[in-house]
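Remarks on the structure that follows.
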Amino acid sequence: MGFWSRHSVITFYLLLFIVLHYLHKAKGITSECDFFKGRWILDRTYPLYDPSICHFLEHEFTCQRNGRPDLFYTKFRWQPQDCNLARFDGEDFLERLRGKSMMFVGDSLSRNQWQSLTCMLHSSVPNATYTITRVDDVSIFEFTEYGVKVMLDRNVYLVDVVRERIGRVLKLDSIDGGKLWKGIDMLIFNTWHWWNRRGPTQPWDYVQVGQQVTKDMDRMLAFQMALTTWAAWVDTNIDPAKTMVFFQGISPSHYNGTLWNEPSAKSCKEEKLPLAGSTYPGGLPPALFVLKDVLNKITKPVKLLDITNLSLLRKDGHPSIYGFGGLTAMDCSHWCLPGVPDTWNEILYNLIL
């Protein structure tokens, strides 16, 4: 074969590779895609469901039912920078999980995501029978026709809080609650919002590491130690062939407008639009870096639902005064449903496709 023949063949295959590469990206299936890097765009086909058909949604998340007058916050879709997210298909999700169980483990932000997913699934198969039960701290939403259990274990620290003679003790190296997580097919963990609680809302009196009991300690260090205990539990107890493990990430709050270049804003009240672009002016919270450091040391596969930055951009997505029926309580920590947690679940769906 002469020089020009070889050159033509090489050129042909190079062009073919480039065309296939861009077709691959256009379909949103590139393996190089980072689902968590992107921006919010207006999409009139959203939200993914009508919340009125999900009568089981808890009062604090039903902003429309509680009187929020604007609905623009429900019309935004997360657009990754280098690919497209497959639109959530609840029936396909249930088929993939047929006969299996999944469990959210964490605080009220886990409940926020759990309620979002159950409504997304129910609205996809509205005629499918379901049951909702609760056993101690575990809530169970079962789609009986599919044999699928979507559960929530309320466990705000992941590690144990034990009542002893001296009072309630937060044990940073004990994780007895993990017995509830064994045998589950998919686990989604979360903890952070309770680590800085003080005063009457703090649910412990002492903190213990090994034999050392103290009245308090640096909260970020305590968070890191608890995550390390959880990571050891995962490495010891999880069989990746049987169980998929995710960590929800750090869900942000919006109480200080200076962090999104609105110094006059003292809360999320009256916020109606996401931030433009891909970067949050106030930067990422330190807790996220602690979490990522611990996750990097786990030997078993754990996928981070890295929802922090995309959620930071959604100062408009919180209940504000519409979380408790228009009362004066200001909630800029949880999220309205439909809303931001639906995107967390859409990304979760894409990760398991």
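The values are calculated or read from the model by the stated rules, or taken from the named source; none is laboratory data. Everything numeric in this text was worked out from a predicted model, so none of it was measured. Here the Cβ is made from the backbone with ideal geometry for all residues, glycine too, and neighbour counts use every protein chain on show. Each accessible area value is taken on the protein alone, full model and side chains, heavy atoms only, with ligands, DNA and RNA left out. Shrake-Rupley method; radii C 1.70, N 1.55, O 1.52, S 1.80 Å.
A few remarks follow.
- What a 1.4 Å probe finds exposed on the chain is 55% carbon and sulfur by accessible area, rounded to a whole percent.
- Cα long-axis angle, helix 3-26 against the chain (0 to 90 degrees, to the nearest 10): 40
- Dividing the alpha-carbon radius of gyration of the chain by the rule-of-thumb value 2.2 N^0.38 Å gives 1.09.
- Cα shape, segment 312-353, gyration tensor, a/c 1.5 rule: prolate
- In terms of overall dimensions, segment 96-159 has a Cα radius of gyration and Dmax of 11.7, 39 angstrom.
- Extension reserve of the L221-R98 stretch, reckoned as 0.36 nm per residue once the Cα distance is removed: 40.2 nm
- Dipole-positive endmost among L71, L291, I132 within the chain (Cβ charges, Cα centre): L291
- Rh by Kirkwood over Cα pairs, then Stokes-Einstein D for segment 174-229 at 0.890 mPa s and 25 °C, µm²/s: 186
- Packing rank of 239-252, 49-62, where each peptide gets the mean count of other beta carbons within 10 Å, highest leading: 239-252, 49-62
- In segment 66-122, chymotrypsin sites (Phe, Trp or Tyr not before Pro) in a DSSP loop with at most 12 other beta-carbon atoms within 10 Å: none
- When the chymotrypsin sites (Phe, Trp or Tyr not before Pro) in segment 299-353 are filtered for DSSP coil states and for at most 15 other beta-carbon atoms within 10 Å of their beta-carbon, the remaining sites are F324.
- Net length gained if the chain between R87 and I53 were fully extended (0.36 nm per residue, minus Cα distance): 10.2 nm
- Ratio of Rg to Rh over segment 108-215 (Cα coordinates, Kirkwood Rh, two decimals): 1.07
- Using the Cβ-Cβ distance between N237 and T129 with R0 set to 41 Å, the FRET efficiency from 1/(1 + (r/R0)^6) comes to roughly 0.80.
- Of all DSSP-defined beta bridges confined to the chain, some 60% are antiparallel rather than parallel.
- Between 0 and 90°, nearest 10: helix 286-295 axis offset from the chain longest Cα axis: 70
- The L273 and R197 beta-carbon pair, evaluated with R₀ = 41 Å, returns a calculated FRET efficiency of approximately 0.85.
- Globularity index of segment 175-278 is 1.44 (Cα radius of gyration / 2.2 N^0.38 Å, N = number of residues).
- Here is the list for segment 73-163: GluC sites (Glu not before Pro) lying in DSSP coil, each with at most 15 other C-beta atoms within 10 angstrom of its C-beta, are E145.
- Length gained on full extension, Y206 to D173, computed as 0.36 nm times the residue gap minus the Cα-Cα distance: 10.5 nm.
- The mean accessible area for residues of segment 200-337, using a 1.4 Å probe and ignoring ligands and nucleic acids, is 45 Å² per residue.
- Share antiparallel - DSSP beta bridges, segment 90-155, percent rounded to 5: 65
- Cysteines in the chain lacking any other cysteine Cβ under 4.7 Å from their own Cβ: there are none.
- Against the chain, whose longest principal axis comes from its Cα atoms, helix 108-124 is set at around 50 degrees.
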